[in-house]
Amino acid sequence: MSKKMKMNFKHGSEAVQNGKLHGATALTDYFYFFCPKCEGDKILRLLDYRIYEEKEINPYDEEENIKSKSAKGFTLQFQIYCENCNHSDTVKISNLGYQGGDHSTNR
Ligand SMILES: [Zn+2]
């Protein structure tokens, strides 16, 4: 039996909040997060993920001026880790909250 790391999902630290966590795709459609502490866009490892929240009905679909309908509501949480500086953190991706307009760190 292999020994698995038991991941502890905490709220993301200050290092990933207020627009400090960036990322991009490379040659294909895979998305990479960059270390918020290292210079030079060091790619983070994803050590684990979990479904943080899931809803059959997505209330955001009913927001004013929203033309699209989602299959369901979800929030996924990822455990991220930098092999370069050992920084460990957590980030969420969701379709339940704000999903439009221009990016601003003031939201
Ligand atoms: Zn780093």
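Of everything in segment 26-40, what is away from the ligand (no atom under 11 Å from the Cβ) and either farther than 21 Å from CYS85 by Cα or over 13 Å from the mean Cα position of the chain (by Cα) (or both)? Give them in sequence order. Passing the criteria: ALA26, LEU27, THR28, ASP29, TYR30.
Counting just the residues of segment 1-20 that are among the polar types (S, T, N, Q) and surrounded by 12 or more Cβ atoms within 10 Å (Cβ to Cβ), which one comes out nearest to the ligand (Cβ to nearest atom)? Before the answer, list the steps.
Of segment 1-20, the ones among the polar types (S, T, N, Q) are 2, 8, 13, 17-18.
With the extra rule that they be surrounded by 12 or more Cβ atoms within 10 Å (Cβ to Cβ), the set shrinks to 13, 17.
Details: SER13: 13, GLN17: 16 Å.
That would be SER13.
Inspect all residues belonging to segment 94-105 and state whether any of them is touching a His at 6+ places or on another chain (Cβ under 9 Å) and either of a type in the set (Gly, Ala, Ser) or closer than 28 Å to CYS38 by Cα (or both).
As a first pass, look at segment 94-105 and keep what is touching a His at 6+ places or on another chain (Cβ under 9 Å): none.
Looking for residues that are touching a His at 6+ places or on another chain (Cβ under 9 Å) and either of a type in the set (Gly, Ala, Ser) or closer than 28 Å to CYS38 by Cα (or both), one finds none in segment 94-105, hence no.
Of all residues in segment 83-100, those being of a type in the set (A, V, I, L, M, F, W, C) and more than 16 Å from the ligand (Cβ to nearest atom) number 2.
If only one of ARG50, ARG45 is in contact (Cβ under 8 Å) with a residue 12 or more places away in the chain and within 16 Å of the ligand (Cβ to nearest atom), which one is it?
ARG45
For GLY23, the stated conditions hold: it is surrounded by 10 or more Cβ atoms within 10 Å (Cβ to Cβ), among the small types (Gly, Ala, Ser) and under 18 Å from the mean Cα position of the chain (by Cα).
Does LYS92 fit the bill of being touching a residue at least 60 places away in the same chain (Cβ under 8 Å) and of a type in the set (D, E, K, R)? Steps first, please.
On the way: touching a residue at least 60 places away in the same chain (Cβ under 8 Å): yes; of a type in the set (D, E, K, R): yes.
Judged against the criteria, LYS92 is a match.
Where a number appears in this text, it was derived from the coordinates with a stated rule and is not lab data. In this text, all values refer to a predicted model and were calculated from it rather than measured experimentally. Here the Cβ is made from the backbone with ideal geometry for all residues, glycine too, and neighbour counts use every protein chain on show.
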